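For reference, the structure discussed in these notes is given below.
The values are calculated or read from the model by the stated rules, or taken from the named source; none is laboratory data. Remember, predicted model here, so these are calculated numbers, not experimental data. We place every Cβ from the backbone using ideal geometry, glycine too, and count neighbours over all the protein chains shown.
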Amino acid sequence: MRELSLHLLDIAENSISAGASRIVISVREDLAADELWLEVTDNGKGMSEEMVANVLDPFVTTRTTRKVGLGIPLLKQAAEACGGFLKVESELGKGTKITAKFQHSHIDRMPLGNLEDTMITLLLGTPNVNWVFKYQYNDQIFEFDDAEFKEALGDLPLSDFRVIEFLSNTIVDGIKNTKNIATEKGAVYANH
């Protein structure tokens, strides 16, 4: 995978397979600390301690469509190559949290990629899941929780082109505005 957003998609698909009804995807860019954090938290079936220990092995997977599970091991390798780490926390019956940290400015860090497309794919592909997307840039935060949005839609399907356009614009504008406000605030602080 060439973009971190595709890793987020892969991990979210694991959460869906684990029966999660609520999945939170968080991306945090902290330029002052030179850190990039990715986190996927779900309320799925969780994993035993043994499975958590095995999840980093590319030859261990619970999927039946392929014999290897490369997503998490590759993300771990990418994080460690960029001065970071990957941590898996899980409890049977309660869910799983996967956290990856990268040195933000590391020359080998993959680009974030298209977070908007990742979220749209997940929202449209699994409308029965409550999706929460959080994006933080320095001290500014954008959060999108689809629960209220889905309720307001009524009978209008998520696949309606107007809904897709609205969702896409909401996520793109949310990320862009979060970055702009943080950058403007940073410039103000620098001038004092």
| field | Any hit, region 157-172, residues being outside any helix (DSSP H, G or I) and hydrophobic (A, V, I, L, M, F, W, C) | value | yes
| remark: For residue 173, the lone unmet condition from (1) at pLDDT below 95; (2) out of contact with any helix residue (DSSP H, G or I) (no Cβ under 8 Å at 6 or more places or on another chain) is (1)
| query | Just to be sure, is residue 48 under 17 Å from residue 145 (Cα atoms) and surrounded by fewer than 17 Cβ atoms within 10 Å (Cβ to Cβ)? | reply | no
| Of residues in region 3-32 being touching a residue at least 60 places away in the same chain (Cβ under 8 Å) and in a loop (DSSP other than H, G, I, E, B), the one farthest from residue 144 (Cα to Cα) | 32
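Can you tell me which residue within region 131-148, out of those that are part of a helix (DSSP H, G or I) and in contact (Cβ under 8 Å) with a residue 12 or more places away in the chain, is farthest from the chain's Cα centre (by Cα)? Full working, then the answer.
The initial filter retains those residues of region 131-148 that are part of a helix (DSSP H, G or I), namely 146-148.
Next, only the ones that are in contact (Cβ under 8 Å) with a residue 12 or more places away in the chain stay: 146-147.
On the way: 146: 15, 147: 17 Å.
Step by step, filter region 131-148, then rank; the result is 147.
Do the conditions hold for residue 101, that is, is it in contact with a helix residue (DSSP H, G or I) (Cβ under 8 Å, 6 or more places away or on another chain), basic (Lys, Arg) and assigned to a strand (DSSP E or B)? Outline the logic, then answer.
Details: in contact with a helix residue (DSSP H, G or I) (Cβ under 8 Å, 6 or more places away or on another chain): yes; basic (Lys, Arg): yes; assigned to a strand (DSSP E or B): yes.
It is true that residue 101 is in contact with a helix residue (DSSP H, G or I) (Cβ under 8 Å, 6 or more places away or on another chain), basic (Lys, Arg) and assigned to a strand (DSSP E or B).
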| message | Could you list, ordered by first residue, the pairs with Cβ atoms under 9 Å in which the first is in region 79-96 and in a loop (DSSP other than H, G, I, E, B) and the second is among the aromatic types (Phe, Trp, Tyr), at least 6 apart or interchain? | response | 82/102; 83/102; 84/37; 84/102
| field | Residues that are surrounded by 17 or more Cβ atoms within 10 Å (Cβ to Cβ), over 12 Å from residue 41 (Cβ atoms) and of a type in the set (A, V, I, L, M), drawn from region 87-113 | value | 100, 110, 112
| task | Give the number of residues within region 137-166 that are more than 30 Å from residue 35 (Cα to Cα) and surrounded by 14 or more Cβ atoms within 10 Å (Cβ to Cβ). | result | 6
| field | Residue list for region 114-129, restricted to those being crowded, with 16+ Cβ neighbours inside 10 Å and farther than 28 Å from residue 32 by Cα | value | 120, 122, 123, 126, 129
| said: Within region 66-73, does at least one residue satisfy the condition of being farther than 30 Å from residue 186 by Cα, at pLDDT below 95, within 19 Å of the chain's Cα centre (by Cα) and hydrophobic (A, V, I, L, M, F, W, C)? | reply: yes
